[in-house]
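Engineer: Would you mind keeping the following structure in view while I ask a few things?
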Amino acid sequence: MRVAPLVSVIVVNWNGARDLETCLPTLLWQSHRPLEIIVVDNASTDDSADVARRFGVHWLALDQNIGLAPAMNRGAEAAAGEFLLFLNNDMRFHKEFVAAMVSEIVDNDDVFTVDALQYDWNGKAVVHLATRLANQAAGRSHCHELTPGLYMCQEDHDSATHVLMSSAANMLARKSMFQALGGFDERLFFGYEDVDLCWRGWIWDWKTVFTPRARCWHHVGHSSQPSSARSLSFRGIVMGRLVMATKLLPVEYIARAWFVLLGGLALDLGLIRRRRAADRIHVLGEYLRNVMPLFRERRQIYGCARTSPKLQLKRLLQLGRATPPDGLQNAALTSLKTVLQALSAAEKRTLD
């Protein structure tokens with residue numbers, strides 16, 4: 001009988017004492033054991049440390065706010081578990097949440113990450129489903145532009161299915177694969193870090209699975225309400241599009257991302273939107289400092305896997321359009337052959 005694996009839960013926190021008051025008890029009551037809970041703190045100034053101490057979880061304090069992706073990586077470095085469960089602090093979880101996630105990965109060696117079903121805080125609406133990649137959003141609900149010309153669309157599924165990515169708000173990852181990929185890209189400081197990680201996993205055929213049996217509730221946007229956080233989120237989106245396109249996508253998407261950035265900057269300057277213009281200029285400067293390393297990484301990523309950005313994009317666009325397994329295909333061909341033989345015999349009898 002297999003021993004239940006240790007799961008290391010990594011919760012990134014910044015001045016989220018009240019969120020931790022709700023989040024941590026729903027982790028401590030999980031049916032899955034053993035469980036290691038690590039709160040990675042981005043230099044909070046509230047009483048978050050006291051809350052973590054009261055619930056008896058591991059407290060990993062950082063000297064400064066280094067952002068989401070770097071903080072998750074620090075938590076992964078400190079984790080002892082075979083599997084890493086990355087969670088937002090403004091969430092609560094069903095008692096079987098961790099068990100449902102683990103069941104999709106523990107006996108499937110080619111599964112890299114698992115994604116969960118997210119409801120809003122009141123449970124009245126679903127805010128995260130199975131994520132597919134599409135060339136257009138027309139006629140599809142719950143779509144978000146990944147980069148100009150590519151969309152991530154949410155689809156409802158009542159059973160486990162392969163998907164593009166797992167949300168970093170509720171991502172279970174196999175630690176060995178996470179380490180082999182170098183963890184989250186820390187240049188993606190506020191968004192896209194989860195898409196980037198899962199995309200790189202798919203290049204090696206390391207699968208991401210969505211399971212609706214894993215249920216959680218997310219107080220969406222609760223931890224990013226201040227204007228400074230909204231500005232950080234905007235910069236994160238703009239940077240994410242540039243980094244994703246340069247590192248992982250065909251060349252035409254790099255050109256599109258540049259065109260949208262420069263066009264947006266011109267519009268912001270024309271409408272005297274100083275804050276937005278300053279944010280775009282900041283991103284542009286950071287990106288230009290990293291552009292050559294990004295192109296080197298691009299060559300290394302696809303060269304080692306002996307594939308290309310175009311082939312990988314084509315493959316990910318096909319997720320969710322799976323062809324039947326060979327056994328089913330053979331059965332279908334056999335049935336078709338039998339029908340054709342019967343029709344041929346009937347036609348022969350008619351002619352006779």
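Engineer: Antiparallel as a % of all DSSP beta bridges within the chain, to the nearest 5?
Structural biologist: 45
Engineer: Moving to a separate point now. Of all DSSP beta bridges located in segment 81-216, what percent are antiparallel, nearest 5?
Structural biologist: 75
Engineer: Could I ask something else about it? Hey, if you put +1 on the Cβ of every Lys and Arg and -1 on every Asp and Glu Cβ in segment 227-317, which of Leu267, Ser233, Ile281 ends up farthest toward the positive end of that dipole?
Structural biologist: Ser233
Engineer: Another question, if that's okay. Size of the dipole of segment 134-267 about the Cα centre, Lys and Arg at +1 and Asp and Glu at -1 on the beta carbon, nothing else charged, in debye to 20?
Structural biologist: Around 200 debye, computed over segment 134-267.
Engineer: To continue, here is another question. Neighbour counts of other C-beta atoms within 10 Å: give me Asp110, Asp196 arranged from fewest to most.
Structural biologist: Lowest count first: Asp110, Asp196.
Engineer: Over the chain, what is the relative contact order in whole percent, taking alpha-carbon pairs under 8 Å and six or more residues apart?
Structural biologist: Rounded, it is 16 percent for the chain.
Engineer: Rounded, prolate or oblate, given the Cα gyration tensor of segment 227-317, with a/c below 1.5 counting as rounded?
Structural biologist: prolate
Engineer: Right, here's the next one. Could you tell me which Cys residues in the chain have no other cysteine's Cβ under 4.7 Å from their own Cβ, answering none if every one has a partner?
Structural biologist: Those would be Cys23, Cys198, Cys216, Cys304, since no other cysteine Cβ in the chain comes under 4.7 Å of theirs.
Engineer: Which listed residue (Val11, Pro250, Phe190) has the Cα farthest towards the positive end of the charge dipole for the chain, taking +1 on Lys and Arg C-beta and -1 on Asp and Glu C-beta about the Cα centre?
Structural biologist: Pro250
Engineer: Please report, in debye to the nearest 20, how large the charge dipole of segment 227-317 is about its Cα centre when each Lys and Arg carries +1 at its beta carbon and each Asp and Glu carries -1 there.
Structural biologist: In debye, rounded to 20, segment 227-317 gives about 180.
Engineer: Additional query: Show that you can apply the helix-only estimate: for the chain, add -39,500 (n - 2.57) for every DSSP H stretch of four or more residues, divide by all residues, and state [θ] at 222 nm to the nearest 500.
Structural biologist: Only helices count here, giving -15000 deg cm²/dmol.
Engineer: Treat the count of other C-beta atoms within 10 Å as a stand-in for reagent exposure and order Cys216, Cys143 from fewest to most.
Structural biologist: Cys143, Cys216
Engineer: Ok, one more. Quick one: putting +1 on the C-beta of Lys and Arg, -1 on the C-beta of Asp and Glu, what dipole do you get for the chain around its Cα centre, in Debye to the nearest 20?
Structural biologist: I would put it at about 1000 debye.
Engineer: The list (i) 48, 29, 16; (ii) 39, 29, 19; (iii) 29, 23, 20 gives values of semi-axes √(5λ) of the Cα gyration tensor in Å, and only one came from this structure; which label was calculated from it?
Structural biologist: It is the one labelled (ii).
Engineer: Counting other beta carbons within 10 Å of each residue's own, what order do Leu62, Leu172, Leu24 fall into, fewest first?
Structural biologist: Fewest to most other Cβ atoms nearby, the residues stand as Leu62, Leu24, Leu172.
Engineer: Using Cα-Cα distances under 8 Å and only pairs 6 or more residues apart, what relative contact order does segment 227-317 have, in percent?
Structural biologist: 38
Engineer: Considering only Cα-Cα distances, which of the following residue pairs are longer than 32 Å: Lys124/Lys175; Lys175/Lys310; Lys175/Lys314?
Structural biologist: Lys124/Lys175
Only the coordinates and a few stated rules stand behind these numbers; no lab work does. Note that the coordinates shown come from a computational prediction; the quantities given were computed from them, not determined experimentally. Ideal geometry is used to build each Cβ from the backbone, glycine not excepted, and the neighbour counts take in all protein chains shown.
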